[in-house]
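Every number in this text was worked out from the coordinates using simple rules, so none of it is lab data. What you see is a predicted model; the values in this text were computed from it and never measured. Neighbour counts are summed over all protein chains in view; Cβ atoms, including those assigned to glycine, are modelled from backbone coordinates with ideal geometry.
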């Protein structure tokens, strides 16, 4: 009996071991773009307990910029980078969405990515009168589900909107860009078919939706945020998470009992 107890305990111990984690926080600062160029400051912090490898920062926007290769991002040591951005072509003055895309990999060289929202003002500040909300979603591997974006027009006039869903690389969407009309004080719902492409179970991803429109020679924009969680496929018989711990305690008690019994003999 004693010979069997120790191997069983060793097999169950991994349930109590916590995996290493990479947890990235992105902070973005922008200046008003009065001329054709300006600067964007990006700060990265890995608050996990595992280094992030092959880190690269890119800007997704209507402006021209070059990606920056960071390399390894050690836990709890911040990295700061200044981007020079310039106009790609003539655009109207106003507020534009700016998204920071971070690519990185873990110790097993598995690739991950994240998106973080901000905005940049070109010449004239504008305030969008559109609000939006993305539904939260849970996906299993290769599963496709409907993601709902709710848009509300708080303005007194109608608008023609350019809507774009922005996802990390591990997720994919069919027809992620739309042009819609919305009347004054109207609410509209848009559905997107979203699926997991290479996301690992247990991961959570911030997703974004940019909403832009023009009015009287000015550009307006806003960004909605949402979350997609990747879950395991449910087993036919799902055991409670506390069961392995209970089994370990039970086996340890039996092991102790037989140890003391052997000493008494």
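So if each residue of separation counts as 0.36 nm, and I subtract the Cα-Cα distance between residue 160 and residue 107, what length gain in nm does that give? Don't jump to the answer; show the numbers that get you there.
Numbers: separation 53, 0.36 × 53 = 19.08 nm, distance 4.60 nm.
Once the chain is fully extended between residue 160 and residue 107, it gains 14.5 nm.
For q values of 0.14 Å⁻¹, compute log₁₀ I(q)/I(0) with the Debye formula on a Cα-only model of the range 147-232, without solvent.
-0.53
Residue separation times 0.36 nm, minus the C-alpha to C-alpha distance between residue 225 and residue 64: what's the value?
Numbers: separation 161, 0.36 × 161 = 57.96 nm, distance 2.41 nm.
Full-extension gain reported as 55.6 nm.
What are the radius of gyration and Dmax of the chain, computed over its Cα atoms and given in Å?
Over the chain's Cα set, Rg and Dmax evaluate to 25.1, 95 Å.
Ignoring everything except DSSP H segments at least 4 long, calculate the 222 nm mean residue ellipticity for the chain; use -39,500 (n - 2.57) per segment, divide by total residues, nearest 500.
Working: 2 runs with 33 residues, N = 265.
One gets -4000 deg cm²/dmol as the mean residue ellipticity at 222 nm.
Roughly speaking, what is the stretch gain from residue 188 to residue 50, that is 0.36 nm per residue apart minus the C-alpha to C-alpha distance, in nm to one decimal? Intermediate results must be reported in sequence, preceding the final value.
Numbers: separation 138, 0.36 × 138 = 49.68 nm, distance 4.24 nm.
Working it through step by step, the gained length comes to 45.4 nm.
Sketch the reach of a paramagnetic label on residue 133 as a point 7 Å from Cα along Cα-to-Cβ, and name the residues of the range 146-177 whose backbone nitrogen lies under 13 Å away.
148-153
Compute the FRET efficiency between residue 25 and residue 218 as 1/(1 + (r/R0)^6), taking r as their Cβ-Cβ distance and R0 = 30 Å, and round to the nearest 0.05. The partial results should precede the final answer.
On the way: r = 33 Å, r/R0 = 1.09.
Step by step, r from the Cβ atoms, then E = 0.40.
Just to confirm the number: angle between the C-alpha axis of helix 243-264 and the first principal axis of the chain, 0 to 90 degrees, nearest 10?
Relative to the chain, helix 243-264 is tipped by roughly 20 degrees.
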